[in-house]
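Before anything else, here's the structure in question.
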Amino acid sequence: MATTFTEAKAALDEIAERITNSRKRRDQARITLGAAQSELAGLASAYSQFITDLNAAATADTWPLADAQKAELDQLTADFQALKSEVDAQITAFDGA
C-alpha cells in the first residue's frame, strides 16, 4: 500500500501506462487480423487459374501426379477455409466487443 502521495501517484502512473500499452497491443492485434483477412481474401483470386488448371488436369489425368497434387490442393483448401472462418469470426468478435 502506498504510504505517500508520491508513491500513490507513481503506482497510478504505472497502471495508466500498462493500460495504454495493452490498448496499443489490442489495436495492433486488430490490424494484424485485418492483414490476415486481406491476405486470405487475395489467395483465391491470385491462384484461381492454377486451381482451375489443376482440377482440370486431375479430372482429365493429363499430367503425372495430378491426383496427388489435387489431394494436396484439397487439403490446402480445407485449411484455407478453416483459417478464413476463424479469422472472420475473430474479427467479428473483436469488432463487436
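Between D61 and A41, what's the calculated FRET efficiency when r is the beta-carbon distance and R0 is 41 Å? Round to 0.05.
E(calc), rounded to 0.05, equals 0.80.
Counting other Cβ atoms within 10 Å of each Cβ, which chymotrypsin sites (Phe, Trp or Tyr not before Pro) in the chain have at most 16 and sit in a DSSP loop?
Y47
If I histogram all Cα-Cα distances within the chain using bins 10 Å wide from 0, what percent of pairs lands in each bin?
13, 25, 19, 16, 11, 7, 5, 3, 0
Moving on. Please work out the FRET efficiency for the pair F80 and K24, using the Cβ-Cβ distance as r and a Förster radius of 30 Å; give the result to the nearest 0.05.
0.50
Additional query: Between helix 5-46 and the chain, what is the angle of the helix's C-alpha long axis to the longest principal axis, kept within 0 to 90° and rounded to the nearest 10?
10
If you line up the long axis of helix 66-96 against the longest principal axis of the chain, both from Cα atoms, how many degrees apart are they, to the nearest 10?
30
Throughout, read-outs are computed from the coordinates displayed, never taken from laboratory work. Since this is a predicted model, take the numbers as computed values, not measurements. Here Cβ is always computed from backbone atoms with ideal geometry, including for glycine, and neighbour counts include all displayed protein chains.
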